[in-house]
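Structure record follows, encoded as structure tokens.
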Amino acid sequence: MPASNFPPSDGTHFSTRPAQFEGEVCALDEKSLHGAYQSLESQGPVTRLRLAQALRAQGLSETDPRLGACLSAWGEDQTRALSFADFKKALALDERHLISRALTNQLVSGHFGSFKQRLSNVFAFAADDHQGEIAHYIPELRRADPEAFALSVCTIDGQNFSMGLREGDEAAQFCIQSTCKPLNYALALELLGEDLVHRYVGREPSGQGFNEITLDRRHRPHNPMINAGAIMTCALIRPTQNVDARFDYIRRVWGSACAGQEPELDHATYESEKATADRNFALAYFMREHKAFPPEADLHDTLELYFRCCALKSDVGALSLWAASLANGGVCPLTERRVFQGRTVRHVLSLMLSCGMYDFSGEYAFSVGLPAKSGVSGALYIVVPGVCGIALYSPRLDHHGNPSRGIAFSKRLVETFPWHVYAPVVQTPLS
Ligand code: GLN
């Protein structure tokens, strides 16, 4: 049943807009500058301390790499009051006009405080879900705390916040497992192009479990979001290089999508997964029997790369940045560096929408209507194109292998925000 607060009536608005491109600078007029100055001045003298508070309220931090030049021009003194002329001079170095847009509620989440509050309510709702079991088939995953729950959100303007487990805590770290699949698919697309990639992997939901031994009529894995397809995309990523170089390359790309946070290998999970990987070996041999692999791919190197990718360690903060880079058309919101081409991102999101949640993907597309990807560690990220990326961690899984709280959260999310891909037809009168 829809929650009664839909659509939002408290002024929470999102100016969904096309993804941003590197080098794009929007014009800033004198009026906006005045508006920004006045918003600070209305609270007292315009100091750096006040600015930091105002930015925090909009989900931005003083350590944001985009603000470095402007804040150093402002000076280290936290209490020195700036005249409008000095303020204008300092903000001239804020090339993206991030500060003035933040202070005049023009970022994608114009009312970040209400946004946070609504999301906290959705989080609290999902926290009440105690169903599901931790994945047992990879022994190391059993060590996770079943009650662990964390959320992080990053908008395409880089506004972010987290709740639940504290980032930096050991317990807040988890292996990304299947949530590595969209990135590997994106890499294969960029390296080889869509025609070649899809000669080796399909783009239909399989309708079966994520590690089912099955291929499509052309002897391809059904899609890159299930194990067989992800093993295949690993086979397509620089197959003539050695595994260490290929793995470093993948980690580097993760790093640039997550504003420099390169994920590390979790050795214990890697060993544990590799030692119990009969099913993945079976899938790979099955594909080799059907001549599904490209000629240069070595089966053992391919699996080695796949196991390492699944055992990369991350947290919700970094994963929300990756999801936000997808929401932003392939440009990392915090560094403004393009990681993937827009067309690549479109393909990735299309397959996340149709295949990202295993054999629950059709149900998820129906009831949530957003591209998402889950992993058996309990990781889940959701992309709201043109708005934000959301990452969750909660290790108890339902019988599809999706995090139980993640599903509860997702359903509540689209009752709270009009983000289901077809929400506009509900809100637009038909006459
Ligand atoms: N590493 C896991 C496996 O290969 C990934 C599966 C998942 O997260 N669904 O089985």
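Key figures
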| read-out | value |
| --- | --- |
| Enumeration of residues in the stretch 273-287 that are touching a helix residue (DSSP H, G or I) at 6+ places or on another chain (Cβ under 6 Å) and either open to solvent by 40 Å² or more (accessible area, probe 1.4 Å) or hydrophobic (A, V, I, L, M, F, W, C) (or both) | 274, 283, 284 |
| Residue count for the stretch 258-286, restricted to those that are part of a helix (DSSP H, G or I), of a type in the set (A, V, I, L, M) and either more than 14 Å from the ligand (Cβ to nearest atom) or closer than 18 Å to residue 174 by Cβ (or both) | 1 |
| Wholly within the stretch 92-202, helices (runs of 4 or more DSSP H) carrying at least 2 residues that are of a type in the set (Ser, Thr, Tyr) | 112-127 |
| Subset of the stretch 322-343 that is open to solvent by less than 10 Å² (accessible area, probe 1.4 Å) and assigned to a helix (DSSP H, G or I) - its residue that is farthest from residue 273 (Cα to Cα) | 327 |
| Members of the stretch 378-392 that are within 13 Å of the ligand (Cβ to nearest atom) and open to solvent by 10 Å² or more (accessible area, probe 1.4 Å) | none |
| Residue pairs meeting the criteria (Cβ under 7 Å; at least 6 apart or on separate chains; first farther than 10 Å from residue 323 by Cβ, in the stretch 367-388; second of a type in the set (D, E, K, R) and more than 16 Å from the ligand (Cβ to nearest atom)) | 367/411; 368/411; 386/17 |
| Any hit, the stretch 241-256, residues being within 18 Å of residue 306 (Cα to Cα), within 16 Å of the ligand (Cβ to nearest atom) and more than 19 Å from the chain's Cα centre (by Cα) | yes |
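The values are calculated or read from the model by the stated rules, or taken from the named source; none is laboratory data. What you are looking at is a predicted structure, and each value in this text was computed from that prediction instead of being measured. A quick note on method: Cβ atoms are made from the backbone with ideal geometry, for glycine too, and the neighbour counts reach across all protein chains shown. Surface areas here come from the heavy atoms of the whole protein model, side chains and all, with no ligands, DNA or RNA. Shrake-Rupley method; radii C 1.70, N 1.55, O 1.52, S 1.80 Å.
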